[in-house]
Every structure is written in C-alpha cells, then in structure tokens.
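Engineer: Have a look at this one before I ask anything.
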Amino acid sequence: MEASHREALSELDRLRLKIAELRASRKRLALANDTDRRRIERDLHEGVQQQLVALAANLQLAAGLLDADPAAAKTLVEEMGRDVQQALGETGKLAHRIYPPLLEAGGLAAALRSAAVSANVPTRLDVEAGAAYPPEVAGVVYFCCLEVLERAAAGAPAAVTVRDEGGALAFEIVADCANSDAELLRLGDRVEALGGRLTIRSESDGRTRVAGSLPLSE
C-alpha cells in the first residue's frame, strides 16, 4: 500500500513538473512572438519606411532638376532606381520572416534555397523537391533553418537535410554559428509545440548541429 502511495505521489510530481514546463514553454513562445513582432516593426520603420521617405524626397528633387539640370536629374533617377531595388529586397526579407510565399508556391526546398541565398550562406541542401508537407510542419522546419542560417557566418558553408522518416519529418542544419540559450529555447519551443523534439549541440570543429523531428500526423 505504501509503495503504491509513493508511486502515486511520484507520478503526481512528474505531472506537476510537466505542467510547469508546458506553462514555461507557452510563456516563452508568447514572448518570442512579441519579440518577432517588435523586430518586424523596427525593421519596417528604420529600414523600408526610411528608404521610401528618402525616395519621395529625391523624387521631388529630381522633378525640380528636370529643366534646370537634366544631367543631374538623370543621375538622381538612376540612384533612385538602385534605392528602389534595395527597398524591394528589404521588403522581401520581411515577407519571408512573416511567412515565405515560396513555401506555398514552390515548397519547402525552394523556400530553404531562397533563405540560404538571402543569408549569403553557401548551403548544401538535401531536400526532396516538390514534396508536400503539412503547412504548419513545413513552416516550423523553415523558421528553424532560417534562424540558424541568419546567424551563420557569411560565406561559411552550411548543410541542411530534410527527410521523411516513416510518419515523421526529420531535419538537420549544420552551420558555423553561435546561438544564445534563449534562441535555442525558442527553436525547441517551436518544435515541441507540434509534438516534435529538437537537439542542438556544438561540434568539435566549432560548428553547430541542430537536429529535429516533427510528426506528420497525429
């Protein structure tokens, strides 16, 4: 009877710990989402919005130079063209951070390839092209890869592998990057929220290996 009572108390303690961990995870997810929103707002205000303000000012300036100094107006318009391309690039990066359009249009492989190019990280991709995964699962894998690639050293090679392992989507990212404990927790929370698991370890060569698995069906 006493042994049964001790087992019941032990099980109760485990449940309490699990509940506490779940609450902590949900809190971290909420804080992470809030941080992401603030970062997007800051990037919009300090990046794209400022670029558009400068373009509007230069447009007025170019209009005033058309008759007085056509050559200067032409030079200014050419500069504005480069600024427009830069603003479009920044807007595209923000769109990818919110939800990459390629994830639906071209699939996970295309979205990851675009993320690697945007991060300026030469990446060896081993992802089945055209494979269809649940959007919430593909989204978590994409954002985990994006977090690692954006923190990788520019120009340093990385590798991303995604494969279907009998009812689960397994993925691995190896890159030359450093992640803080908070960042690692956020990646783990994203995966665990969908019933998956994530491991992160530092390799002997100084690179970071992020490996995870997500169930493809409940």
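The values are calculated or read from the model by the stated rules, or taken from the named source; none is laboratory data. This one's a predicted model, so the numbers in the text were calculated from it and none came from an experiment. Note that we place each Cβ from the backbone using ideal geometry, even for glycine, and neighbour counts take in every protein chain shown.
Engineer: What is the residue count in the stretch 148-169 for residues that are surrounded by fewer than 17 Cβ atoms within 10 Å (Cβ to Cβ) and either under 19 Å from Ala110 (Cα atoms) or touching a Ser or Thr at 6+ places or on another chain (Cβ under 9 Å) (or both)? Write out each step before concluding.
Structural biologist: Initial filter on the stretch 148-169 (surrounded by fewer than 17 Cβ atoms within 10 Å (Cβ to Cβ)): 150, 153-157, 159, 161, 163-167.
Next, only the ones that are either under 19 Å from Ala110 (Cα atoms) or touching a Ser or Thr at 6+ places or on another chain (Cβ under 9 Å) (or both) stay: 150, 157, 159, 161, 163-165, 167.
Residues that pass the stated criteria total 8.
Engineer: Go through the stretch 42-80 residue by residue and tally those that are under 29 Å from the mean Cα position of the chain (by Cα), without any contact (Cβ under 8 Å) to a residue 24 or more places away in the chain and surrounded by 12 or more Cβ atoms within 10 Å (Cβ to Cβ).
Structural biologist: So the count comes out to 2.
Engineer: Could you say whether any residue in the stretch 130-150 is in a loop (DSSP other than H, G, I, E, B), over 13 Å from the mean Cα position of the chain (by Cα), of a type in the set (Val, Ile, Thr) and in the same structural domain as Asp189 (by TED's automatic domain parsing)?
Structural biologist: The first filter runs over the stretch 130-150 and keeps only residues in a loop (DSSP other than H, G, I, E, B), leaving 130-134.
Filter once more, so that each one left must be over 13 Å from the mean Cα position of the chain (by Cα): 130-134.
Still in the list and also of a type in the set (Val, Ile, Thr): none.
Among the residues of the stretch 130-150, not one is in a loop (DSSP other than H, G, I, E, B), over 13 Å from the mean Cα position of the chain (by Cα), of a type in the set (Val, Ile, Thr) and in the same structural domain as Asp189 (by TED's automatic domain parsing), which makes the answer no.
Engineer: Within the stretch 177-187, can one find any residue that is polar (S, T, N, Q), part of a strand (DSSP E or B) and either modelled with pLDDT of 85 or more or touching a Lys or Arg at 6+ places or on another chain (Cβ under 7 Å) (or both)? Steps first, answer last, please.
Structural biologist: Initially, the stretch 177-187 is screened for residues polar (S, T, N, Q), giving 179-180.
Subsequent filtering for residues that are part of a strand (DSSP E or B) retains none.
No; the residues of the stretch 177-187 include none that is polar (S, T, N, Q), part of a strand (DSSP E or B) and either modelled with pLDDT of 85 or more or touching a Lys or Arg at 6+ places or on another chain (Cβ under 7 Å) (or both).
Engineer: On to the next question. One residue is enough: does the stretch 79-87 have a residue meeting the conditions outside the structural domain of Leu194 (by TED's automatic domain parsing), of a type in the set (Lys, Arg) and assigned to a helix (DSSP H, G or I)?
Structural biologist: If we filter the stretch 79-87 for residues that are outside the structural domain of Leu194 (by TED's automatic domain parsing), which is where we start, we get 79-87.
From what is left, the residues that are of a type in the set (Lys, Arg) are 82.
From the residues that got through so far, the ones that are assigned to a helix (DSSP H, G or I) too are 82.
Yes, the stretch 79-87 has at least one match.
Engineer: If you go through the stretch 94-129, how many residues are of a type in the set (S, T, N, Q) and part of a strand (DSSP E or B)? First the steps, then the outcome.
Structural biologist: Applying the first criterion (of a type in the set (S, T, N, Q)) to the stretch 94-129 yields 114, 118, 120, 123.
Then keep just the ones that are part of a strand (DSSP E or B); that gives 123.
Total satisfying the criteria: 1.
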